[in-house]
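I have placed the structure first, in the form of structure tokens, so that the comments after it can refer back to it.
Throughout, read-outs are computed from the coordinates displayed, never taken from laboratory work. Note that this is a predicted model, so its numbers are computed, not measured. Reconstructed Cβ throughout: ideal geometry from the backbone, glycine too, with neighbour counts over all protein chains shown.
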Amino acid sequence: MKFEDIKKRVIKVIILVILLFYSVSGGFSQEKRIKVIAERANIYLQPNISSAVIEKVKRDSVITLRSVNIVRGGWYYVGLTSETGITKTGYIQASLVELTNLPPRIIREEKKEPEVPPPPLKPVIPKKEKPRIEKEVKPKPPKKRNNYIKAGVNYFSPPEQRFKDVYGNGMTYSGEIGIGVWKGLKLWISGGYFTKKGELFFTKEKTKVRIFPIGGGIKYLLTEGRANLYTGMGLYYYQFKETNPIGDVSKSGLGYVGQIGVFLKVIGGLIVDFNLDYSYCRMRPVERSINIGGFQAGIGLGYEF
């Protein structure tokens, strides 16, 4: 073998050894890399924060430098290779990274699952309440009227003939108050007035008589409605006074009265009363005793309350 051939082979072996050494040690093909030391960092299309952001990386991400020189303004020119083999290049701020020998490793942003909104709440449909059936409120019956007041006029006919011969028949005037005490039972208080002029039997002289009965009693309604039939009884205290030329006579005495009648309810509390009474009171104004009572039939107008 010639010396020249041996020399060429030695040179080739030396070159191969050198290449192998660099490939093993990484000295020939070693690339410079940086590691992100900030919590978050943006990679911009241009070395300007106003530029478009092409990627966002997290702390401890390792990125390959495209140039070890820092661009004016404090930027590194870097390259990123995606899982699909697409390489992106851009700029990252030098203050957010440091040089490292770690292999390239990009910690991707964790994709957050979109929050699924909770299902809409079903509207609460209130239970239909059963309509309340209100009891029919019956109107209260009008308050029963138990009391009354009335005034009346009566035709008086004395049963005593001697009294009738002197004075005849006449008109009496009366007033009455009634108070209900129990159901159809009432108490009544009444007062009356009778006056009449006449002639003495023998001398034909003028004479005048006045009778004032005042008393009270009980009255009971036999029927109730628009027409009310009643009966009653009571006591009267009579004041008798007679004036004539022979002399004046004043007497008083106790008598009794019985009555029957009917009163009609006209409108509201207005009533019209028709009554028939018989009274008896015997006294002695002169030599003989006489009954100054008698029959009375009359009509009265009153108000029930």
**Asked** From the set of residues in the range 47-60 that are loosely packed, with under 13 Cβ neighbours inside 10 Å and within 14 Å of G74 (Cα to Cα), which is farthest from the chain's Cα centre (by Cα)?
**Response** N48
**Request:** Those residues that are without any contact (Cβ under 8 Å) to a residue 24 or more places away in the chain and either closer than 16 Å to Y230 by Cα or of a type in the set (F, W, Y) (or both), I need them from the range 260-305; list them, please.
**Result:** L276, Y278
